[in-house]
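Participant: This structure is in structure tokens; I'll ask about it shortly.
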């Protein structure tokens, strides 16, 4: 990998580090490609049950690499507006899919954010399942400041993550910097820690706890949460009804109940 470092800090947990520290982990085409490929591989890896994503260097990510955007726009120069739009559309679609790879991954994804997380960084973390941050974290939906609407996930996910349309629109319309305390109080982050080391430690601790649970149940929870977010309660209940009609036949359920009765730790097989 050119822009990511993949580690296995424990048996069933993968740690993915954004690794362009000299560029503040700005996301270029290579990083987006590697993120999507890594999420797909880890999603299918039976030895991985939870994923943590962190950033190397002074911050989590400064968002999209401006040089990458510049190169994309330069390929459209000289074309009329209709042709430019036709050329741009698949490029934007590809970026959307790469950011959405966190959400599409069957395993829970935890992001451990420190320092700056701006622009596409917000698109990125809202596609994760769980978000932790440090007290020095600053987020910003910066796209408005370069004359564009965020187009790879923030507008679709942020207000659903925080459950507050007013606050989400405040960030999107203003592009202002938001400190960790405010972002945490509105539910963007579930926990805030004093240092980069501590937030990663706690994220890995949670990942290990999640990895100890039934992988069948974990996959089912993630799929049903995402489905229910975008559907009615009635449709969500029908989806979990159909899901558990087969999922409850797993031996994991029997093992978990037996272990609880015996006050022992259940050990679940790979998917």
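Participant: Out of all the residues in the stretch 256-267, is one or more in contact with a helix residue (DSSP H, G or I) (Cβ under 9 Å, 6 or more places away or on another chain) and at pLDDT 90 or above?
Facilitator: Scanning the stretch 256-267, I find no residue that is in contact with a helix residue (DSSP H, G or I) (Cβ under 9 Å, 6 or more places away or on another chain) and at pLDDT 90 or above, so the answer is no.
Participant: Residues that are buried (at least 21 other Cβ atoms within 10 Å of the Cβ), in contact (Cβ under 8 Å) with a residue 12 or more places away in the chain and under 11 Å from the mean Cα position of the chain (by Cα): list the strands (runs of 3 or more DSSP E) wholly contained in the stretch 111-160 that include at least 1 such residues.
Facilitator: 130-134
Participant: Any idea how many residues of the stretch 191-234 are part of a loop (DSSP other than H, G, I, E, B) and in contact with a helix residue (DSSP H, G or I) (Cβ under 8 Å, 6 or more places away or on another chain)?
Facilitator: Of the residues in that region, 2 qualify.
Participant: Name the pairs whose Cβ atoms lie under 6 Å apart, with the first residue in the stretch 50-69 and assigned by TED's automatic domain parsing to the domain that holds residue 24 and modelled with pLDDT of 95 or more, the second surrounded by fewer than 17 Cβ atoms within 10 Å (Cβ to Cβ) and in a helix (DSSP H, G or I), and 6 or more positions between them or separate chains?
Facilitator: 56/21; 57/21
Participant: For the stretch 49-62, state whether one or more residues are part of a helix (DSSP H, G or I) and surrounded by fewer than 20 Cβ atoms within 10 Å (Cβ to Cβ).
Facilitator: To start, the set of residues in the stretch 49-62 that are part of a helix (DSSP H, G or I) comprises none.
No.
Participant: Taking the conditions exactly as written (closer than 24 Å to residue 19 by Cβ and surrounded by fewer than 17 Cβ atoms within 10 Å (Cβ to Cβ)), does residue 98 satisfy them or not?
Facilitator: The answer is no for residue 98.
Participant: So, one more: Could you identify the single residue in 203, 247, 256 that is within 23 Å of residue 15 (Cα to Cα) and surrounded by 13 or more Cβ atoms within 10 Å (Cβ to Cβ)? Even if it seems obvious, please write down each step before you answer.
Facilitator: Numbers: 247 fails: within 23 Å of residue 15 (Cα to Cα); 256 fails: within 23 Å of residue 15 (Cα to Cα).
Result of the check over 203, 247, 256: 203.
Participant: Also, I was wondering about something else. Can you confirm whether residue 203 is within 21 Å of residue 101 (Cβ to Cβ) and at pLDDT 95 or above?
Facilitator: Spelling it out, residue 203 is indeed within 21 Å of residue 101 (Cβ to Cβ) and at pLDDT 95 or above.
Participant: Just to be sure, is residue 240 in a helix (DSSP H, G or I), surrounded by 11 or more Cβ atoms within 10 Å (Cβ to Cβ), touching a residue at least 24 places away in the same chain (Cβ under 8 Å) and not assigned by TED's automatic domain parsing to the domain that holds residue 129?
Facilitator: When the stated conditions are applied, residue 240 does not pass them.
The values are calculated or read from the model by the stated rules, or taken from the named source; none is laboratory data. All values reported here derive from a predicted model rather than from experimental measurement. Note that each Cβ is placed from the backbone with ideal geometry, even for glycine, and that neighbours are counted across all protein chains shown.
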